[in-house]
1. Provide a single number: the residues in the stretch 168-195 that are open to solvent by less than 60 Å² (accessible area, probe 1.4 Å) and among the acidic types (Asp, Glu).
2. On the basis of being touching a residue at least 12 places away in the same chain (Cβ under 8 Å) and of a type in the set (Lys, Arg), does Arg115 make the cut?
3. Looking at the stretch 15-26 only, could you name the residues that are surrounded by fewer than 17 Cβ atoms within 10 Å (Cβ to Cβ) and in a helix (DSSP H, G or I)?
4. Which of the following residues is open to solvent by less than 20 Å² (accessible area, probe 1.4 Å) and either assigned to a helix (DSSP H, G or I) or closer than 30 Å to Ala294 by Cα (or both): Ala122, Ala70, Ala62, Ala137?
5. Tell me which of these Asp155 doesn't satisfy, since it passes every other one: (1) over 30 Å from Pro268 (Cβ atoms); (2) open to solvent by 40 Å² or more (accessible area, probe 1.4 Å); (3) without any contact (Cβ under 8 Å) to a residue 40 or more places away in the chain; (4) not basic (Lys, Arg).
6. Of the residues in the stretch 27-55, how many are acidic (Asp, Glu) and surrounded by 14 or more Cβ atoms within 10 Å (Cβ to Cβ)?
7. Checking Arg109 against (1) basic (Lys, Arg); (2) part of a helix (DSSP H, G or I); (3) in contact with a strand residue (DSSP E or B) (Cβ under 7 Å, 6 or more places away or on another chain): exactly one of these is not met. Which one?
8. Determine, yes or no, whether Arg148 is open to solvent by less than 30 Å² (accessible area, probe 1.4 Å) and closer than 20 Å to Ser249 by Cα.
Amino acid sequence: MELRHLRYFVMVAEEGHFTRAAARLNMQQPPLSQQIRALETELGFELFIRHPKGADLTTGGAVFLEEAKAILARVQDGSRRAARVAKGVEGTLAIGFTSSAAAHPLIPRIIRAFREQYPAVAITLAEGNAGRLTERASAGQLDVSILRAPVSRPDGIEFHRLLVEELLMVLPVGHPALAEHPDAVELRALRDEPFILVRRPGAPGMYANLLRACEAIGFEPRVAFEVERMLTNVSLVAAGEGVSVVPASMRDIHRESVVYRRILGARPRLVAPLTLACRQDNESPAMRNFVVLARELAKGYRKQAAG
């Protein structure tokens, strides 16, 4: 039994006449009658009572008509949905993010724009550190991971850098190092300070650069705390437990108790990228649509910031 047999049957049933049905199907009447006879033979019962004025459904034919219509409708719905999924306008999208990446205003802007443009795509969100998110993207558990600096580069993972922003030093309000420069702080002035850093296995990229910058000017920073998330280190700075660094987009957190300053004397320059990670062989159209949209919005954000 083929779908065309069902379509032929439904057409004859609707017209109540083989000749008129054949005309609507753009075919001759004899071949249509042969196809219906073949369908009846396969089913084992007659679908129509044939008479000079046309054809009426048998009792079995009336039941089969409802089933045939339901099958054709499901096929039509399935093909339409498959086409939408193939275009990325329907389906699923699993997104992972680090807390510091999500704190940048561009990321919620991208996710919201994607939801508005592709409302039929079901989005799931997961938080984690950069290392774990990269592993999950590599394993196919996440379609896209949004992080800062890549901490590993597994085979088959592609990275899209959306933008780069400055790393700022975070100090408690009233810290002595703030007296020398009103808008910046010398890195060497913090050589005796306790540093609060995100745990190195989770985000070694940015902090490895900080450690190298400190070593380049002659000291190894004393790491007092290693925390899981970047929001925690700002809270500890606010509590007076040490100093830290964060991307510039986080400079509104705890403004009543901490101060954010540019860093002088750091080589290499301390920056915080914003990066998308995804599998190169991921054929998900929804994922590709997300990456294209993210890159477009990031380009617009950079132009706006530069202007």
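The values are calculated or read from the model by the stated rules, or taken from the named source; none is laboratory data. These numbers come from a predicted model, not from an experiment. Here the Cβ is made from the backbone with ideal geometry for all residues, glycine too, and neighbour counts use every protein chain on show. All accessible areas refer to the heavy atoms of the entire protein, side chains included, with ligands and DNA or RNA removed. Shrake-Rupley method; radii C 1.70, N 1.55, O 1.52, S 1.80 Å.
1. Restricting attention to the stretch 168-195, the residues satisfying the condition of being open to solvent by less than 60 Å² (accessible area, probe 1.4 Å) are 168-172, 175, 177-178, 181, 184-187, 189-190, 193-195.
In the following step, the residues that additionally are among the acidic types (Asp, Glu) were identified as 186, 193.
Residues flagged as open to solvent by less than 60 Å² (accessible area, probe 1.4 Å) and among the acidic types (Asp, Glu) within the stretch 168-195 amount to 2.
2. Values: touching a residue at least 12 places away in the same chain (Cβ under 8 Å): no; of a type in the set (Lys, Arg): yes.
It is false that Arg115 is touching a residue at least 12 places away in the same chain (Cβ under 8 Å) and of a type in the set (Lys, Arg).
3. First, pick out the residues of the stretch 15-26 that are surrounded by fewer than 17 Cβ atoms within 10 Å (Cβ to Cβ): 16-17, 19-20, 23-24, 26.
Of everything in the stretch 15-26, those that are surrounded by fewer than 17 Cβ atoms within 10 Å (Cβ to Cβ) and in a helix (DSSP H, G or I) turn out to be Thr19, Arg20, Ala23, Arg24.
4. Values: Ala122 fails: open to solvent by less than 20 Å² (accessible area, probe 1.4 Å); Ala70 fails: open to solvent by less than 20 Å² (accessible area, probe 1.4 Å); Ala62 fails: open to solvent by less than 20 Å² (accessible area, probe 1.4 Å).
Step by step, each of Ala122, Ala70, Ala62, Ala137 is checked, and only Ala137 is open to solvent by less than 20 Å² (accessible area, probe 1.4 Å) and either assigned to a helix (DSSP H, G or I) or closer than 30 Å to Ala294 by Cα (or both).
5. Exception for Asp155: condition (1).
6. So in the stretch 27-55, the residues acidic (Asp, Glu) come out as 40, 42, 46.
Next cut, surrounded by 14 or more Cβ atoms within 10 Å (Cβ to Cβ) only: 40, 46.
Within the stretch 27-55, residues that are acidic (Asp, Glu) and surrounded by 14 or more Cβ atoms within 10 Å (Cβ to Cβ) number 2.
7. Single failed check for Arg109: (3).
8. yes
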